[in-house]
1. Taking the condition assigned to a helix (DSSP H, G or I) and touching a Phe, Trp or Tyr at 6+ places or on another chain (Cβ under 7 Å), does Phe66 pass?
2. Return yes or no: is Glu63 modelled with pLDDT of 95 or more, loosely packed, with under 13 Cβ neighbours inside 10 Å and within 16 Å of the ligand (Cβ to nearest atom)?
3. Scanning the stretch 141-158 for residues that are open to solvent by less than 40 Å² (accessible area, probe 1.4 Å) and of a type in the set (S, T, N, Q), which turns out nearest to Val13 (Cα to Cα)?
4. Can you pull out the residues in the stretch 1-48 that are open to solvent by 40 Å² or more (accessible area, probe 1.4 Å) and of a type in the set (Asp, Glu)?
5. Taking only pairs six or more apart or across chains, which ones have beta-carbon atoms under 8 Å, a first residue in the stretch 28-53 that is closer than 21 Å to Glu129 by Cα, and a second residue that is among the hydroxyl-bearing types (Ser, Thr, Tyr)?
6. One residue is enough: does the stretch 78-94 have a residue meeting the conditions part of a helix (DSSP H, G or I), at pLDDT 95 or above and either within 16 Å of the ligand (Cβ to nearest atom) or more than 13 Å from the chain's Cα centre (by Cα) (or both)?
7. Residues in the stretch 116-151 that are more than 16 Å from the chain's Cα centre (by Cα) and either on the phi < 0 side of the Ramachandran plot or within 16 Å of the ligand (Cβ to nearest atom) (or both): how many?
8. Being more than 7 Å from the ligand (Cβ to nearest atom) and surrounded by 17 or more Cβ atoms within 10 Å (Cβ to Cβ) is the filter here; which residues of the stretch 95-109 pass it?
Amino acid sequence: MSKKIVFLDRDGVINKEVGYLYKIEDFDFISGVFEACLYFQLSGYQIIIVTNQSGIGRGYYNENDFHQITKWMLEQFRKNNIEILDVFFCPHAPDSTCDCRKPKPGMFNQANNKHNIDMKNSWMIGDKEADIKAASAAGIQHTVLVKSGHTIDEINSKASFILDSIEQVKTVIK
Ligand SMILES: [Zn+2]
């Protein structure tokens, strides 16, 4: 049976956007993240994180820094009884021709190839229009743009829903 997934962007959705975050002491969970993720799990969804990490390609931090902070983040989720199925990241800089940097759908396609996902009944929660574009290009129709990260262009957004933060997502995912 294929899995229903709630895909989450990281910076601006799970943690407060600080710009090229790689230090654990700068990682600040956004209010309501754990409660929201517990709700997704109880509603039959598994959770996958898809995150652009161009700070690696730009040389601001390295892949090991990313893996360290990811390990710590996953421990915090686990302490709150949340199991994150997988984390996909794009380490490339914006001038790269890779197919994984959002708005390209590469990370979603990798996830689908690996985990047999019911894309049609899955969701994407992001804080940038690039998150919504990438998800749509991979066949995800249910998208949420949250205002807890980058400034968003509400009028021109193609997102299904625009909400203050992940805390409100339980009002639209049934
Ligand atoms: Zn990439």
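The values are calculated or read from the model by the stated rules, or taken from the named source; none is laboratory data. The model shown is predicted, which means the values in this text are computed figures rather than measured ones. Here Cβ is always computed from backbone atoms with ideal geometry, including for glycine, and neighbour counts include all displayed protein chains. To get the accessible areas, we keep the full protein, side chains included, count just its heavy atoms, and leave off ligands, DNA and RNA. Shrake-Rupley method; radii C 1.70, N 1.55, O 1.52, S 1.80 Å.
1. yes
2. So Glu63 fits the description; yes.
3. If we take residues in the stretch 141-158 being open to solvent by less than 40 Å² (accessible area, probe 1.4 Å) and of a type in the set (S, T, N, Q), then Ser148 is nearest to Val13 (Cα to Cα).
4. Within the stretch 1-48, Glu17, Glu25, Asp26, Asp28, Glu35 meet the criteria.
5. Ile30/Ser148; Ile30/Ser165
6. First, the residues of the stretch 78-94 that are part of a helix (DSSP H, G or I): 78-79.
Narrowing the set further to residues that are at pLDDT 95 or above leaves 78-79.
Pick out the ones that are also either within 16 Å of the ligand (Cβ to nearest atom) or more than 13 Å from the chain's Cα centre (by Cα) (or both) and you get 78-79.
Checked against the condition, which is being part of a helix (DSSP H, G or I), at pLDDT 95 or above and either within 16 Å of the ligand (Cβ to nearest atom) or more than 13 Å from the chain's Cα centre (by Cα) (or both), the stretch 78-94 yields at least one hit.
7. Residues that pass the stated criteria total 4.
8. Listed by number, the residues that qualify are Lys102, Lys104, Pro105, Met107, Phe108, Asn109.
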